[in-house]
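First the structure, in the form of structure tokens, and then the observations on it.
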Amino acid sequence: MWQSIKIANFVVVTAMLLFHGCSIYVSTTSKELKKNRFLVLSMYLSLSDSALGLEFIYHNILVFMNSQGVTFQYQCLMIVHLAGGTIMSSLIQTLLICIERLNATFTIQKDILVFVCSNKGVLLYFILSHCIALLRFGMATVDGPVPCDPKNTATTILLFSHDIPCLCIVVAIISCYGVVVYRMIRLQNFLQASSMTESQVAKKKANAIRTRRNAVTLGLIIAVSLVAVLPRSMLAFYFYMGNTSAITGTLIMIINNFFILLNPVLDPVIYVLRIKKYRQYLRCKCLKKNAVSDLTNSTAVS
């Protein structure tokens with residue numbers, strides 16, 4: 001059963017890498033999109049999610065090799081902890097996108113929020129989350145190598161150093177986006193209460209559209225984040241309490257291979273593909289490639 005789940009996991013990860021590859025390609029080749037801080041942070045999120053996909057693929061390879069050697073078992077253990085660090089990094093990237101949206105609601109952007117969402121900050125959080133993962137791996141090696149068993153991902157160390165912090169980050173994401181929507185609704189009501197010029201009426205309509213979009217984004221982020229993180233945290237805590245039944249191990253195996261991937265798979269849809277200008281750039285890139293391909297084929301035929 002585990003190998004069947006891993007095959008399905010490989011298919012999902014491959015599709016995820018394809019989505020993020022398109023997102024990164026368009027973001028890096030468009031000068032106009034590079035100026036949008038929201039899309040730059042979304043590109044960093046895609047890079048983090050892509051790293052998670054590569055870690056899943058490597059772990060699948062180790063599982064299919066099914067070696068009982070100590071070296072393979074240590075590699076499997078290390079990949080599990082590194083993947084946990086990448087998942088935490090992706091959640092932090094999502095929180096940074098929320099903070100950037102919050103900063104955009106202020107007339108004058110806050111320097112502290114700009115610094116938190118800066119490129120240096122992104123790199124720092126990525127390194128820090130993986131340093132925690134490596135430290136956790138070092139602590140796990142004290143007891144010696146363990147087989148690539150899905151139950152080994154629901155340990156006490158992972159519960160307190162990964163699952164609970166990730167749950168706290170999800171709560172911070174929900175809270176931050178709640179504040180963003182509240183501030184935009186408050187600004188919209190303020191403009192409605194005052195006597196408005198034509199430009200202010202146009203601004204009010206734009207704010208109303210933006211509020212609706214943020215509300216949709218908020219709902220998607222809350223739903224996906226909770227489905228991806230909450231079941232894993234609850235089952236890890238359930239496992240920690242001493243309930244080691246077979247169904248618990250099976251559920252942890254499914255959650256580790258599918259539920260956790262919901263965030264990285266849907267990130268391009270939530271943050272990038274919903275942006276009209278991005279879709280236009282992606283369409284232009286695809287049409288341009290098709291035109292070049294058709295021209296090459298017609299030249300070869302003639």
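The values are calculated or read from the model by the stated rules, or taken from the named source; none is laboratory data. Since this is a predicted model, take the numbers as computed values, not measurements. Cβ placement follows ideal geometry from the backbone for every residue including glycine, while neighbour counts extend to all protein chains displayed. The protein model used for the area step is the full one, side chains on, heavy atoms only, and it has no ligands, DNA or RNA in it. Shrake-Rupley method; radii C 1.70, N 1.55, O 1.52, S 1.80 Å.
Observations on the structure shown:
- Restricting 54, 91 to those that are modelled with pLDDT of 90 or more, of a type in the set (A, V, I, L, M) and under 18 Å from residue 148 (Cβ atoms) reduces the list to 54.
- Selection within the stretch 183-197 - exposed (fewer than 12 other Cβ atoms within 10 Å of the Cβ) and either at pLDDT 70 or above or within 21 Å of residue 221 (Cβ to Cβ) (or both): 186
- Residue within the stretch 146-160 that is modelled with pLDDT of 85 or more, within 16 Å of the chain's Cα centre (by Cα) and outside any loop (DSSP other than H, G, I, E, B) present: no
- Exactly one residue among 109, 73, 68 is in contact (Cβ under 8 Å) with a residue 60 or more places away in the chain, out of contact with any His (no Cβ under 6 Å at 6 or more places or on another chain) and not in a helix (DSSP H, G or I), and that residue is 68.
- Residue satisfying all of: in the stretch 225-271; part of a helix (DSSP H, G or I) and either polar (S, T, N, Q) or at positive phi (or both); modelled with the lowest pLDDT among these: 248
- The residues listed here are 118, 89; of these, the one that is out of contact with any His (no Cβ under 6 Å at 6 or more places or on another chain) and open to solvent by less than 20 Å² (accessible area, probe 1.4 Å) is 89.
- Any hit, the stretch 36-46, residues being part of a helix (DSSP H, G or I) and under 26 Å from residue 159 (Cα atoms): yes
- Checked across the stretch 1-24, the condition of being hydroxyl-bearing (Ser, Thr, Tyr), within 16 Å of the chain's Cα centre (by Cα) and closer than 26 Å to residue 160 by Cβ holds for no residue.
- Screening 24, 61 for residues that are surrounded by 16 or more Cβ atoms within 10 Å (Cβ to Cβ) and part of a helix (DSSP H, G or I) leaves exactly one candidate, 24.
- For first residues located in the stretch 138-151 and over 16 Å from residue 62 (Cβ atoms) and open to solvent by less than 70 Å² (accessible area, probe 1.4 Å), partners that are modelled with pLDDT under 75 and assigned to a helix (DSSP H, G or I) and lie 6+ apart or on another chain with Cβ distances below 6 Å form the pairs 151/249.
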